[in-house]
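Shown next, in structure tokens, is the structure this report addresses.
The values are calculated or read from the model by the stated rules, or taken from the named source; none is laboratory data. In this text, all values refer to a predicted model and were calculated from it rather than measured experimentally. Don't worry about glycine lacking a Cβ; one is built from the backbone with ideal geometry, like all the others, and counts go over all protein chains shown. All accessible areas refer to the heavy atoms of the entire protein, side chains included, with ligands and DNA or RNA removed. Shrake-Rupley method; radii C 1.70, N 1.55, O 1.52, S 1.80 Å.
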Amino acid sequence: MLRYIIKRLIYMVVTLLATVVFLFTLMEFVPGDPALVVLGEGATDENIVAIHKELKLDDPYIVRLSRYVGNLVQGDMGNSYKTRQPIAPALFARLPLTMTIAVWGIIFGTIIGLVAGVVSAVKQYSLFDRVLTAISLFGASAPSFWLAMLFVLIFTLKLGWLPATGSYTFKHWILPIATIGLQASASITRMTRSSMLEVIRQDYVRTARAKGQTQFRVVVSHGLRNAFIPILTVIGTNINGYLGGTVLVESVFAIPGLGNYVLDGVKTMDTPVVLNGVVFICFMCTIVTFLVDMAYAFIDPRIKSTYGFGTKKFKRARLAKAIEGGTAG
Amino acid sequence: MRENELLSVENLEVKYFLRRSTVKAVNGVSFTINKGERVGLVGETGAGKTTTALSILRLIPEPPGKITNGTITLNGRNLMETSEKDMRKIRGNDVSMIFQDPMTSLSPVMTVGDQIREVISLHSDMSKAQTIERAKEMLELVGIPGERYGEYPHQFSGGMRQRVLIAISLACNPKLLIADEPTSALDVTIQAQVLELIADLRKKFNMSLLLITHDLGVVAETCDRIMIMYSGRIVESGPVRTVYKNIQHPYTVGLFNSLPRLDIDTDRLEPIKGMMPDPNDLPPGCTFYDRCPYVMERCKQELPVLSEVGEGHFVACFHACNKESSNG
């Protein structure tokens, strides 16, 4: 198991490093002089030179890259061009709001997706299944910002039930959470359904029935548990998808979260903000991926044993016993 | 109902309703199994053996399958009228089943011990510790060390997994054990071991056994009575000795002829010519007529019913019955 964890951790670090280098390089191609962004219109040549010196903008690419990575490892993300304030605290200040909405959205999406997917699979070809399949296809293919606008149109403009923008009260959170939840549930439903359909025809499900197990337990502890690996992958992808797509949803609902922070950076050409925002989102995605990988090992004992989950001693003991007894299991 | 009778199946019909067609899997099967009796059900793939067995437990996947006719009586109780809740108390407790493929019949994410424990805790009031103890006992009984309780199926070989499945099916001392080709998926060397284990434990617990197989040799060794099934019907049945000595139905003859023999020097096996008829579209008469060497005009029109040709020996064939009556 330790080997598995270490392997995943190494993957995670390598992925992150590659992402940082790639993003940093990408930002190099952003046109315009950063000094102009800092100073605004009407900057004098002397000021521009001074800023270049202060921000060490004239250093070679490789020097700036290694300085950036070095600082990043220590948790220093540098300063915003626009506000001249450190980026890291500003980013972390916006994190709770984004996380709250993301986590609730994913939780609702997962619960709805799992229940709907399981029922849909158990009652395959029923009216419920057909309607659900249509809805989830719609939910999975509609872009999140479009869905968000549709919700605003219906619940704010037509019905007037919920506020469209801001993040002051719980009421403000309903629409963004619903948007994320619906999208997540759509893909989770689809994966749960197809994974369950495959599992439910397996011989071991029949074995469970032949034991006299109840339908509910057959479906949940024998069916769903075995169907869970692909579902878990989709849940992980959804969390990552939301973290990446947070910019869109947050901008529609004007939520002052991580996404909007990055978006503001884009609008004002504040490259350090954009760079660090995206790096941070990537960092969270790799953590989610890592956690999903860990969860696989807990759900599927075959993964655990591939990486020798503390069985070396046990195996050796058994081998010795087998040789002694002359018969191996 | 006779005193000694445990299970009685009467005129069982099972159909699978597919989108474009209706598959007639079982067409009027009747038989009884007495207490402590060992019955072999033989037939080629698609003859309806497994469907018959699953019907007894009412485990036919529905839809598309459905028992369209017949009664199944277990210990005087009509299973067709038993509620689903009561059926659950019967499954695994009074009647249990060993399935064909041990590689896929155990859940890969549950320890083998828990899978045995599951059936015990469903059908008894034991505490958790007691059920674990009992599950370990069952493992020992089928020849697996109890300390392997916490291991997963992928850590076992096919033969060992079949032992685990046997432990599951016997954990609640069922009155009837249905073994559906329990050795087909195993190595030849393991087959004998597993069969012996089933035979031993059956004797120990004095259970009735319904052994589904296509191996006539296995039936000869382990069963008291044999039933031969063809396209959803029983075509010949009787005590093993009687039937083997005096085979009547041309299909059974064909089955025996297609076995490899050591006492005759031949290069080729003799298969039965042709194929089993399409279960979507069964002929009105005898379903074996176009493969039968003794086919008569009557066979194509009329369905032969089982009639007694010897002591407890039944055959559904006009040719065999004619022969018998002209002889006697």
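Summarising the amide proton neighbourhood of B:ILE98: residues at separation of 5 or more, or on other chains, whose placed amide H is nearer than 5 Å comprise B:ILE178, B:ALA179, B:ASP180.
Tell me which of A:PRO60, A:LEU17, A:VAL37 sits at the most positive position along the dipole axis of segment A:2-73, charges placed on C-beta atoms (Lys, Arg +1; Asp, Glu -1). Projecting each Cα onto the dipole axis, the largest value belongs to A:LEU17. Considering only beta bridges that DSSP places wholly inside chain B, some 60 percent are antiparallel. Carbon and sulfur atoms: what percent of the 1.4 Å accessible area of chain B do they account for? Answer for chain B: carbon and sulfur cover 49 percent of the accessible area. Separation of segment B:147-198 from segment B:117-133 is 20 Å, based on Cα centroids. Peptide B:161-170 has a mean shielding of 1, counted as Cβ atoms of other protein chains within 10 Å of each residue's Cβ. Nearest 0.05, what FRET efficiency do A:ILE62 and A:THR15 give at R0 = 35 Å with Cβ-Cβ as r? Step by step, r from the Cβ atoms, then E = 0.95.
Note on chain B: helix-only mean residue ellipticity at 222 nm, from DSSP H runs of 4+ residues weighted -39500 (n - 2.57) and normalised by residue number, equals -9500 deg cm²/dmol.
Among the residues of segment A:190-218, those with an accessible-area drop of 20 Å² or more from chain alone to full protein complex, heavy atoms and 1.4 Å probe, are A:ASP203, A:TYR204, A:ARG206, A:THR207, A:ARG209, A:ALA210, A:LYS211, A:GLY212, A:GLN213, A:THR214. Pairing chain A with chain B buries about 2500 Å² of accessible area. This figure sums both sides and uses a 1.4 Å probe.
For segment A:91-267, the Cα gyration tensor yields ellipsoid semi-axes of 36, 17, 13 Å (square root of five times each eigenvalue, largest first, whole Å).
Per residue, chain A exposes 53 Å² of solvent-accessible protein surface, assessed with a 1.4 angstrom probe and all protein chains in place. At a probe radius of 1.4 angstrom, the accessible area of segment B:5-327 per residue rounds to 45 square angstrom. Under the criterion of Cα pairs below 8 Å and six or more residues apart, the relative contact order for segment B:67-138 equals 19 percent. For chain B, a crude dipole built from +1 on the beta carbon of Lys and Arg and -1 on the beta carbon of Asp and Glu, taken about the Cα centre, is about 580 debye to the nearest 20.
Rolled with a 1.4 Å probe across the full set of protein chains, the surface gives A:THR19 an accessible area near 30 Å².
For chain A, the calculated P(r), taken from all Cα-Cα distances in 10 Å bins from zero up to the bin holding the longest distance, is 5, 19, 23, 22, 15, 9, 4, 2, 0, 0 percent. Note on chain B: Cα Rg divided by 2.2 N^0.38 Å, N the number of residues, gives 1.04. For segment A:1-49, run through the trypsin sites (Lys or Arg not before Pro) and keep only the ones in DSSP coil with at most 10 other Cβ atoms within 10 Å of their Cβ. Qualifying residues, ordered by number: none. About its Cα centre, segment A:2-73 has a charge dipole of approximately 880 debye under the convention of +1 per Lys or Arg Cβ and -1 per Asp or Glu Cβ, with nothing else charged.
All Cα-Cα separations within the protein assembly as shown were binned at 20 Å from zero, giving a P(r) of 15, 35, 26, 16, 7, 1, 0, each value a whole percent of the pairs.
Relative to the dominant Cα principal axis of chain B, helix B:128-141 is inclined by about 50°. Carbon-plus-sulfur accessible fraction, segment A:91-267 (probe radius 1.4 Å, protein heavy atoms only): 72%. Measuring gaps between exposed loop sites in chain A (chymotrypsin sites (Phe, Trp or Tyr not before Pro); DSSP loop; at most 16 other Cβ atoms within 10 Å), the longest gap, sites not included, is A:169-306.
Determine, at each q value in 0.11, 0.13, 0.17 (inverse angstroms), the log₁₀ of I(q)/I(0) that the Debye formula gives when each Cα of segment B:34-161 is one equal point scatterer. Debye curve over Cα of segment B:34-161, log10 I(q)/I(0) at q = 0.11, 0.13, 0.17 Å⁻¹: -0.51, -0.71, -1.11. Rounded to the nearest whole Hz, the Karplus-based 3J(HN,Hα) values (6.51 cos²θ - 1.76 cosθ + 1.60, θ = phi - 60°) of segment B:167-181 follow the sequence 4, 4, 6, 9, 4, 10, 6, x, 7, 10, 10, 9, 10, 8, 6, with x at glycine and proline.
Across the options B:THR131, B:VAL164, B:GLN193, the greatest Cα extent toward the positive end of the charge dipole of segment B:116-209 (unit charges at beta carbon of Lys, Arg, Asp, Glu) belongs to B:THR131.
Annotation note: trypsin sites (Lys or Arg not before Pro) in segment A:80-132 located in DSSP loop regions with a Cβ neighbour count of at most 13 within 10 Å are A:ARG84, A:LYS123. Computed with a 1.4 Å probe on the full set of protein chains, the accessible area for A:LEU291 sits at about 100 Å². Applying both filters, DSSP loop and at most 10 other Cβ atoms within 10 Å, to the trypsin sites (Lys or Arg not before Pro) of segment B:1-109 gives B:ARG2, B:ARG19, B:ARG20. In order along segment A:223-237, the phi-based Karplus estimate (6.51 cos²θ - 1.76 cosθ + 1.60, θ = phi - 60°) of 3J(HN,Hα) comes to x, 4, 4, 7, 7, 6, 4, x, 5, 4, 4, 5, 4, x, 4 Hz; Gly and Pro are listed as x. Assuming charge only on the beta carbon of Lys and Arg (+1) and of Asp and Glu (-1), the dipole of chain A about its Cα centre is about 2420 debye to the nearest 20. Between the alpha-carbon centres of segment A:191-260 and segment A:1-49 there is a gap of 35 Å.
Once the partner protein chains are put back, segment B:101-122 shows a loss of at least 30 square angstrom of accessible area, versus the chain by itself, at B:THR104, B:SER105, B:SER107, B:PRO108, B:VAL109, B:MET110, B:GLU118, B:LEU122 (probe 1.4 Å, ligands and nucleic acids excluded). Ignoring ligands and nucleic acids, what accessible area does A:ILE87 show with a 1.4 Å probe (Å², nearest 10)? Result for A:ILE87: roughly 0 Å² accessible. Relative to the longest principal axis of the Cα atoms of chain A, the long axis of helix A:271-299 lies at roughly 10 degrees.
DSSP finds beta bridges in the protein assembly as shown, and of those with both partners inside it, around 65 percent are antiparallel. Using +1 at the Cβ of each Lys and Arg and -1 at the Cβ of each Asp and Glu in the protein assembly as shown, identify which of A:ILE154, A:THR268, A:GLN124 lies farthest towards the dipole's positive end. Most positive-ward Cα: A:ILE154. For peptide B:147-155, the mean count of partner chain Cβ atoms within 10 Å of a residue's Cβ comes to 3.
Which distance in Å, rounded to a whole number, links the C-alpha centroids of segment B:221-279 and segment B:51-76? What the calculation gives is 26 Å, centre to centre.
Counting only residues at least eight positions apart within a chain, or on another chain, the lysines with an alpha carbon under 25 Å from that of B:LYS203 are A:LYS211, B:LYS35, B:LYS49, B:LYS89, B:LYS136, B:LYS175. Per-residue 3J(HN,Hα) values for segment A:37-49, derived from phi via the Karplus relation 6.51 cos²θ - 1.76 cosθ + 1.60 with θ = phi - 60°, read 5, 5, 8, x, 5, x, 7, 7, 4, 4, 4, 4, 4 Hz in sequence order (x marks Gly and Pro).
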